[in-house]
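K.L.:
The structure's right below; bear with me while I get my questions together.
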Amino acid sequence: MNRLRKPFIAGNWKMNKTVAEAVELVNDLKQQLGACKGVDVVVCPPFTALTAVSAAISGSVLGLGAQNMHWEKAGAFTGEISPQMLRELYCHHVIIGHSERRTLFGETDEIVNRKLRAALANHLRPIMCIGETLQERQENQTEQVLQRQLTEGLREMGAADLQQITVAYEPVWAIGTGLTATPDVAQAAHLFIRGVLKEIGDDKTAQTMRIQYGGSMKPENAAELLAQPDIDGGLIGGAALDADSFTAIIKAAMPREK
Ligand code: 13P
């Protein structure tokens, strides 16, 4: 972490939690977190729980995000949700381009770019996910893959757009596997990503953008990862489904009193 950037912890609940379970989880989180200073915290429940969670977190430190959206305003897109529909529920963040969307639902860098631009046009703050597969890492393709995902995904965006975006580095081989990138491996990727953001935008923008780590982050490894200078927070999957473990990660991100 770096003093320039406020730590940002987001929970990606994926396809988990009924409405009742979702409300129970955020109520527990509110109780455990209290005022929680110095860290931005966002929960991203499934679409079905957004309305109830939005009401339950009103007035708390928790922010609301969605896990996906379509880029169009309205129309014949069966099963899809528009940016406007998310805004109506007081959703202020949206995850775009998660690796599960890329690999299981065919999202390309071009689709990611369209979604990012639609999110920004509707004042939603995107969390843009990028990351290499195990095979790409073993073939020494990591930097090339990250460079391509960033360059294509952020096409036609200026510094002002970039400032609204959080990048989440999620090595695919670390997601839900229990394998976490070591702090050194994660830091190296984050530093590389910041360098690419500098090329796309400018140095000041790259220095102010937050880059989260995601992939088996849990209370036991959060502090060590978050201590790295270019790791500004986390995008948490499994450990965000439990109030105790999510709170422990948030506490690990809180700036230490001097
Ligand atoms: P896990 O924390 O379960 O590995 O998931 C990470 C993730 O994909 C968050 O978006």
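The values are calculated or read from the model by the stated rules, or taken from the named source; none is laboratory data. On a predicted model such as this, the values are computed, not experimentally measured, just so you know. Note: ideal-geometry Cβ built from the backbone for every residue, glycine included; neighbour counts use all protein chains shown. Remember, those area values only see protein heavy atoms, side chains included, never the ligands or the DNA or RNA. Shrake-Rupley method; radii C 1.70, N 1.55, O 1.52, S 1.80 Å.
K.L.:
Please state which one of 110, 143 is of a type in the set (D, E, K, R) and closer than 22 Å to residue 231 by Cβ.
P.N.:
It is 143.
K.L.:
Right, something else. Give the residues of segment 65-84 that are surrounded by fewer than 18 Cβ atoms within 10 Å (Cβ to Cβ) and under 12 Å from residue 122 (Cβ atoms), sorted by residue number.
P.N.:
72, 73, 84
K.L.:
Then there is this: Quick check: anything in segment 198-216 among the small types (Gly, Ala, Ser), under 15 Å from residue 12 (Cα atoms) and touching a strand residue (DSSP E or B) at 6+ places or on another chain (Cβ under 6 Å)?
P.N.:
Scanning segment 198-216, I find at least one residue that is among the small types (Gly, Ala, Ser), under 15 Å from residue 12 (Cα atoms) and touching a strand residue (DSSP E or B) at 6+ places or on another chain (Cβ under 6 Å), so the answer is yes.
K.L.:
Restricting to segment 216-243, what's the tally of residues that are out of contact with any Pro (no Cβ under 9 Å at 6 or more places or on another chain), part of a loop (DSSP other than H, G, I, E, B) and more than 9 Å from the ligand (Cβ to nearest atom)?
P.N.:
3
K.L.:
Next up: Is it fair to say residue 86 is within 20 Å of residue 163 (Cα to Cα) and without any contact (Cβ under 8 Å) to a residue 40 or more places away in the chain?
P.N.:
When the stated conditions are applied, residue 86 does not pass them.
K.L.:
Continuing with the same structure: Just to confirm my filter: which strands (runs of 3 or more DSSP E) fall fully inside segment 31-136 and include at least 3 residues that are closer than 23 Å to residue 156 by Cα?
P.N.:
93-96, 125-130
K.L.:
Just checking, does segment 174-192 include any residue being near the ligand (Cβ under 9 Å from one of its atoms) and in a helix (DSSP H, G or I)?
P.N.:
yes
K.L.:
Looking at segment 193-215 only, could you name the residues that are closer than 15 Å to residue 2 by Cα and either within 16 Å of the ligand (Cβ to nearest atom) or open to solvent by less than 50 Å² (accessible area, probe 1.4 Å) (or both)?
P.N.:
Correct list: 194, 205, 206, 209, 210, 211, 212, 213.
K.L.:
Same structure, new question: Among what's in segment 27-52 and is under 18 Å from the mean Cα position of the chain (by Cα) and without any contact (Cβ under 8 Å) to a residue 40 or more places away in the chain, pick the residue that is least open to solvent (accessible area, probe 1.4 Å).
P.N.:
It comes out as 45.
K.L.:
Being closer than 17 Å to residue 39 by Cβ and at pLDDT below 95 narrows it down to one of 254, 217, so name that one.
P.N.:
After ruling out the rest, the residue left standing is 254.
K.L.:
Can residue 254 be described as among the hydrophobic types (A, V, I, L, M, F, W, C) and open to solvent by 10 Å² or more (accessible area, probe 1.4 Å)?
P.N.:
Criteria met by residue 254.
K.L.:
Evaluate the following for residue 162: is it in contact with a helix residue (DSSP H, G or I) (Cβ under 8 Å, 6 or more places away or on another chain), open to solvent by 70 Å² or more (accessible area, probe 1.4 Å) and either within 10 Å of the ligand (Cβ to nearest atom) or modelled with pLDDT of 95 or more (or both)?
P.N.:
no
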